[in-house]
Amino acid sequence: MYRKQVRRRRAVLVLLIVVALVLLSTRFSESDSGPLHSMQRAVASALGPLEEGASRATKPLVDLKDWIDETFQARGENEDLRAEADQLRAQLAKAQSAEGENEQLRKLVGLDRSGVLAGYTPVTARVIGRSPTVWYSTVTVDKGSSSGVQMNDPVVSGDGLVGRVTDVTHGTAKVSLITDNRSAVSARVLPDGPQGVAEPEVGNPDDLLLDFIDRNQPIDQGALVVTAGWSNGAISSAFPPGLPIGEVSDATVGEQESYQRVHVTPAADIRNLDFVQVATDGPPRPGVPR
Amino acid sequence: MIVTWRIGLRIALALIAAVVLQVSFFSYLTFFGTTPDIVPLVVVTLGLLGGAVLGAVVGFATGLLLDSALLGTLGASSLVLLTAGYLAGRYREGTEISNSLIPPLLIAALTTGVAAGFAALQLMLGIHTPVSLLILREIFVKGLLAFVLAIPLYPLIRRILRPAIVHDVAGAARSPISAASRRSRRARGRRARRLARAG
């Protein structure tokens, strides 16, 4: 009797492991329209309203926790903020001046644009789900194909670039964050700095690495890093140029290396996203599947 | 554990609630730089209460649900969670839980294992970017948070599934409270018979 139980227990374990491995390998080899993807989207669509309801219902508790955290932090940060406010005032004056010049130049070249997302239709979406893993890789938003969201649409928050859409259901979409280990964003250091590729340091959502920057290029601490939005006609970046990615926090050069290791602090607070904007209906970008 | 269809329904509802609350609530809370994860906690608790087979099946199903809710890599979470559920069940089958601190400690250890296992699986599937050492701290803190959360949640889940737990049903039959109630029932019966004879 006991032996039978042991055999049954082992059989169940082996069967489940085999099924999990088959699912894993099939998921990787299958196309986006395959049966497993479709089934997964159906389950995600069914759970979407539940997630949205739970997210709304528990929002006051999350806000309360944030308020407690912020109150404790505020005491220590008061002095720092005063200094930062002075610095920001100076930066604002510069930015206003640059904006005025920019506007004039746009008018000069006949462009009727209001910002870097000109040409796109922004769709505001609420973040209703987050991955519980330590990888800070994806969030789920409450807008899907019914709102015009498509694969590879750029996603931004009020502070800067957040990521891009990598899966869509009727009412929800999965956003792969710039801290996802498969993310790589072509980036440019302002004002007229070099271009590189911004990649995450997995496990640390407060740091990105800007790679392929020549070791002799001067990079200033605090310099703004934006999307480069390059295109060579056949292939192009999924992101439009000029979206803020973050600020340079540190730049180091190894003795044997030909490139600098430039650390960038992301502009968007990846851990605390509540609302984001999905830039839909953008101009076609060669090589970017929709 | 005796799994009737009613108990099965309770388990299914508990799993759905755990996944929905995880992605919509617990993942928004940050303590010491990381978020609490109640999904392994629920799976390990069910493994501890129901044994290895139930733990493995529940872990597998919860992983599928979680990967589907997040449109993630189907099968990855299932593989890690079914192992945790199975190990918890094997512990329960081989050892008597004599101390109330054992379940939270076991949940903390297996939650740490789940986070580490998931990280290892991701590394095997291919990471093209550097991995920060902060990930080790996060895995450790996840275990600590699981310990704290297990203190109220383990008894709660046990209470929800109480009618199915063989040990609890047998224990209840021998408990002083039920013995006292049996005594009072007998006393009431004797009183009723006496009144009937007198009348």
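Derivation of every value follows stated rules applied to the coordinates shown; laboratory data play no part. Note that the structure is a prediction, hence the values are computed from the model and not measured. Every residue, glycine among them, receives a Cβ derived from its backbone with ideal geometry; neighbour counts consider all protein chains shown.
In the stretch B:5-164, a dipole from Cβ-located charges (positive for Lys and Arg, negative for Asp and Glu) runs towards its positive end, and of B:Val43, B:Pro152, B:Ile16 it is B:Pro152 whose Cα lies farthest in that direction. Helix A:2-29 axis versus longest C-alpha principal axis of chain A: approximately 40°, rounded to the nearest ten. Taken over chain A, lysine pairs spaced eight or more positions apart, or on distinct chains, with alpha carbons under 22 Å apart number 4. Prolate is the label for the protein assembly as shown, because a/c, from the alpha-carbon gyration tensor with a ≥ b ≥ c as root eigenvalues, is 1.5 or above and a/b exceeds b/c.
Highest GNM mean-square fluctuation among A:Ala11, A:Ala42, A:Ala279, for chain A modelled with Cα contacts below 10 Å: A:Ala11.
What is chain A's relative contact order, in percent, from Cα pairs under 8 angstrom and six or more apart in sequence? Reported relative contact order: 17 percent. When chain A is treated as a GNM with alpha-carbon contacts under 10 Å, the residue of A:Val276, A:Val43, A:Val139 showing the greatest mean-square fluctuation is A:Val43.
Note on chain A: with a GNM built from Cα contacts shorter than 10 Å, the maximum mean-square fluctuation among A:Lys143, A:Lys65, A:Lys174 falls on A:Lys65. The residues packed around B:Pro152, meaning those with a beta-carbon under 14 Å from its beta-carbon, carry a net charge of +2 if Lys and Arg are +1 and Asp and Glu are -1.
Electrostatic bookkeeping for A:Thr71 treats Lys and Arg as +1 and Asp and Glu as -1; over the other residues with beta carbon under 13 Å from its beta carbon, the sum is -3.
Highest mean first, the peptides B:11-20, A:152-161 sorted by other C-beta atoms within 10 Å per residue fall in the order A:152-161, B:11-20.
Using Cα pairs under 8 angstrom and six or more residues apart, how large is the relative contact order of the stretch A:122-284, in percent? RCO, the stretch A:122-284: 25 percent. With the Cα gyration tensor of the stretch A:234-290 giving a ≥ b ≥ c as the square roots of its eigenvalues, does the rule (a/c under 1.5 for rounded; else a/b larger than b/c for prolate; else oblate) give rounded, prolate or oblate? Oblate shape, in that a/c is at least 1.5 and b/c is the bigger or equal ratio.
Computed per residue of the protein assembly as shown from DSSP H runs no shorter than four, each worth -39500 (n - 2.57), the mean residue ellipticity at 222 nm is -18500 deg cm²/dmol.
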